Amino acid sequence: DVLGGLNSDCFSEFKRMFVEGFEAARANSQIALGLVEIMMHKSNYPCFSGHRYGGHKAIKGFEQRLMLYTPDDEVADKAERLVDNAANHWGTRYYDKFQKWTNGYAI
C-alpha cells in the first residue's frame, strides 16, 4: 500500500522502472558474472561451494535469475510477473508484519 495499492499509478511506475532496471542488469550481465566468478575462485562461502552450489551451479543459477536464456521480447512480461507474484506472495505479507513487529513500521 506504500505505493497506493496494486492498481495505482505509482505501482505501475514502479513496475515500469523495475523492468527497465532488470533489462539494464541483463545488458550488463557479463560484468556481474565476471565478478561472481572472481569471488568464487577458491571460495569457502557456502553460496559458492558444496554439493548444492558447487562448481558452476551458482553461475547457472544467476544466469537463470537474470533470464539470460529468455528471448528479449519475453523479458518485460516475465519481469512484470515477478513483481506481481511478489506483491501477492504470502512471504511479502509476513515480511511486512515482521517489519512492523521488529521496527515499529509497516511497509
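The values are calculated or read from the model by the stated rules, or taken from the named source; none is laboratory data. Remember, predicted model here, so these are calculated numbers, not experimental data. All Cβ positions, glycine included, derive from the backbone under ideal geometry; neighbour counts span all protein chains shown.
Structural remarks
- Condition met for residue 2 (assigned to a helix (DSSP H, G or I) and either modelled with pLDDT of 95 or more or loosely packed, with under 15 Cβ neighbours inside 10 Å (or both)): no
- Subset tally (residues that are farther than 26 Å from residue 82 by Cα and surrounded by 15 or more Cβ atoms within 10 Å (Cβ to Cβ)) for region 26-67: 2
- When residue 71 is tested against (1) modelled with pLDDT under 95; (2) exposed (fewer than 10 other Cβ atoms within 10 Å of the Cβ), just one condition goes unmet, and that condition is (1).
- Some residue of region 77-91 being of a type in the set (S, T, N, Q), under 24 Å from residue 16 (Cβ atoms) and either surrounded by 14 or more Cβ atoms within 10 Å (Cβ to Cβ) or within 15 Å of the chain's Cα centre (by Cα) (or both): yes
- If you go through region 31-62 and keep only what is within 17 Å of the chain's Cα centre (by Cα) and not β-branched (Val, Ile, Thr), you end up with 32, 33, 47, 58, 60, 61, 62.
- Residues of region 49-107 satisfying the condition of being within 19 Å of residue 35 (Cβ to Cβ) and without any contact (Cβ under 8 Å) to a residue 12 or more places away in the chain: 49, 53, 54, 55, 56, 57, 60, 61, 64, 65
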